[in-house]
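The values are calculated or read from the model by the stated rules, or taken from the named source; none is laboratory data. The structure displayed is predicted, hence computed values, not measured ones. Neighbour counts are summed over all protein chains in view; Cβ atoms, including those assigned to glycine, are modelled from backbone coordinates with ideal geometry.
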Amino acid sequence: LEAHLRTRTPQWAADITGLSLDEIEAFARLVGTTKKTYFRLGYGFSRQRNGSVNMHAAASIAAVTGCWQYEGGGAFHSNSGIFKLNQELLEGTRMRDPAIRHLDHSRIGPVLTGAADALYGGPPVTALLIQNTNPVNVAPEQRLVKQGFLRDDLFSCVHEQFMTDTAKLADVVLPATMFLEHDDVYKGGGNQHITLGPKLIDPPEGPRTNHFVIEELGKRLGVGDRPGFGMTEQQHIDIILGKRGLGS
């Protein structure tokens, strides 16, 4: 690292970041002289081609300076992996066919524009059901993503609460329930709590839950009798929490 840094100067960084020399040096001085420095690393700056490298570099500052040794110091992105909830039944992991490819959501642009490496050599994607995400707005290479969604031979259905950028490009938009209108369970990305989010009110006419849509698709596709189908949201939650010794 020291050998690498000798070949880089604050002016080099200024030229490629748009920050001034004074800003870079002032920030470096603050971090270098403050033992209790803390980096709260969010998701936004990682959502680009160099996102993983950006995250690694920012997190590494805490390791290089040693600020992680002091209470309140260090770097933090997410602790969502600590909960280890068993969602095997909910996600149908035992029914997965290893012969069927799984495509990378972060490369949905190349996937939808026919990049062979993104498609793993398989046929093009011609139909999409999208829930809980807004790829036209958050996925890398937005121009490719939009180009892919505008294909005449792609059928896309978006199940959403709002008219997002992705929903605007969909062939069909299905209204989705809000968080007060269905049973759910939430795990924090920054705290240690698992929170039950019970349904409190009925939705207006039209919106359906994610659970409802998947259940109805399962029936129409002839898999509604497989393990995990035919259960309520609350039953799934009880199993997910019960396998960790949580819940009632």
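When the range 220-233 is filtered for residues that are outside any loop (DSSP other than H, G, I, E, B) and surrounded by 13 or more Cβ atoms within 10 Å (Cβ to Cβ), only GLU233 remains. Out of all the residues in the range 78-90, is one or more assigned by TED's automatic domain parsing to the domain that holds LEU154 and acidic (Asp, Glu)? There is at least one residue in the range 78-90 that is assigned by TED's automatic domain parsing to the domain that holds LEU154 and acidic (Asp, Glu).
Do we find a residue being surrounded by fewer than 16 Cβ atoms within 10 Å (Cβ to Cβ), in contact (Cβ under 8 Å) with a residue 40 or more places away in the chain and not hydrophobic (A, V, I, L, M, F, W, C) anywhere in the range 51-70? Looking through the range 51-70, at least one residue is surrounded by fewer than 16 Cβ atoms within 10 Å (Cβ to Cβ), in contact (Cβ under 8 Å) with a residue 40 or more places away in the chain and not hydrophobic (A, V, I, L, M, F, W, C). If you go through the range 67-107 and keep only what is part of a loop (DSSP other than H, G, I, E, B) and either over 25 Å from GLN192 (Cβ atoms) or among the hydrophobic types (A, V, I, L, M, F, W, C) (or both), you end up with PHE83, LEU85, GLY92, ARG96, ASP97, PRO98, ALA99, ILE100, ARG101, HIS102, LEU103, ASP104.
Number of residues in the range 31-61 that are of a type outside the set (Lys, Arg) and either over 32 Å from the mean Cα position of the chain (by Cα) or part of a strand (DSSP E or B) (or both) equals 5.
Can you name every residue in the range 143-184 that is over 21 Å from HIS236 (Cβ atoms), charged (D, E, K, R) and part of a loop (DSSP other than H, G, I, E, B)?
Filtering the range 143-184 down to residues over 21 Å from HIS236 (Cβ atoms) leaves 143-158, 160, 162-173, 175.
After this cut, where a residue has to be charged (D, E, K, R) as well, the list is 143, 146, 151-153, 160, 165, 168, 171.
Residues satisfying the conditions are ARG151, ASP152, ASP153, ASP171.
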